[in-house]
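The values are calculated or read from the model by the stated rules, or taken from the named source; none is laboratory data. What you are looking at is a predicted structure, and each value in this text was computed from that prediction instead of being measured. Cβ sites come from the backbone with ideal geometry, for glycine too, and all protein chains shown count toward neighbours. Protein only, heavy atoms only, side chains kept; ligands, DNA and RNA dropped before computing areas. Shrake-Rupley method; radii C 1.70, N 1.55, O 1.52, S 1.80 Å.
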Amino acid sequence: MEWIGNGCRGVFQWYHLNHPLSDSSHIWGGKVITKMTTIQPTYIDDRYPLSGMTGRIIAAAREVHGVLGPGFQEVVYQRALALELPDHDLNCDREVWIDIHYKDRKVGRKRVDFLITDHKDGVTVEIKAKYALEEVDFVQALSYLKASGYKVGLLLNFGGKQLEIRRLATWSAATTWL
């Protein structure tokens, strides 16, 4: 699988490492973090795979939605989330191209909004900015998740009065949204 992305790693790590300490700064993993949001326990549910990571992603998305509110184009929320994710100690790549295979042959490529990874696992994140999610949004996010080879994804809709969140999971024979 080939991964091509732009966005979060180098630029924002440089910002964290070189930003002067202030009263609101914290040291996290040897990096200076100027804004550390507390993760609320309701975002983490051990029944879900990678709940700790998805909980931090959800906390970041809630921060973005809380500041911006609804009404902007999808790209505005993508850019804001790319700025917020490193503040939650998350490594991310934005607009990552994934190969689509049919019977072990490449038949195309699609772009996933975010790929958020740690040392061994990853979560795909699809962003929408519409009044309400539709069935086609779930199908698209699930297809991208399957093609990525990862097991967990999030579908986030910033277009409503409240952030709409859907956790997605795929494993061998079963695929579902939670």
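If you go through the range 105-113 one residue at a time, do you hit one that is assigned to a loop (DSSP other than H, G, I, E, B) and within 19 Å of the chain's Cα centre (by Cα)?
The initial filter retains those residues of the range 105-113 that are assigned to a loop (DSSP other than H, G, I, E, B), namely none.
The answer is no, given that none of the residues of the range 105-113 is assigned to a loop (DSSP other than H, G, I, E, B) and within 19 Å of the chain's Cα centre (by Cα).
Could you list all residues from the range 156-166 that are surrounded by 15 or more Cβ atoms within 10 Å (Cβ to Cβ), assigned to a loop (DSSP other than H, G, I, E, B) and out of contact with any His (no Cβ under 7 Å at 6 or more places or on another chain)?
Across the range 156-166, the qualifying residues are Gly159, Gly160.
Take the residues in the range 125-155 that are of a type in the set (Ser, Thr, Tyr) and open to solvent by 20 Å² or more (accessible area, probe 1.4 Å); name whichever of them is farthest from the chain's Cα centre (by Cα).
Looking at residues that are of a type in the set (Ser, Thr, Tyr) and open to solvent by 20 Å² or more (accessible area, probe 1.4 Å), I get Tyr131.
Within the range 132-141, is there a residue that is hydrophobic (A, V, I, L, M, F, W, C), assigned to a helix (DSSP H, G or I) and closer than 19 Å to Pro49 by Cβ?
Among the residues of the range 132-141, at least one is hydrophobic (A, V, I, L, M, F, W, C), assigned to a helix (DSSP H, G or I) and closer than 19 Å to Pro49 by Cβ, which makes the answer yes.
Quick check: anything in the range 78-98 at pLDDT 85 or above, assigned to a loop (DSSP other than H, G, I, E, B) and surrounded by fewer than 18 Cβ atoms within 10 Å (Cβ to Cβ)? Outline the logic, then answer.
Applying the first criterion (at pLDDT 85 or above) to the range 78-98 yields 78-98.
Subset that is assigned to a loop (DSSP other than H, G, I, E, B): 89-90.
Right, trim to surrounded by fewer than 18 Cβ atoms within 10 Å (Cβ to Cβ) and you get 89.
Looking for residues that are at pLDDT 85 or above, assigned to a loop (DSSP other than H, G, I, E, B) and surrounded by fewer than 18 Cβ atoms within 10 Å (Cβ to Cβ), one finds at least one in the range 78-98, hence yes.
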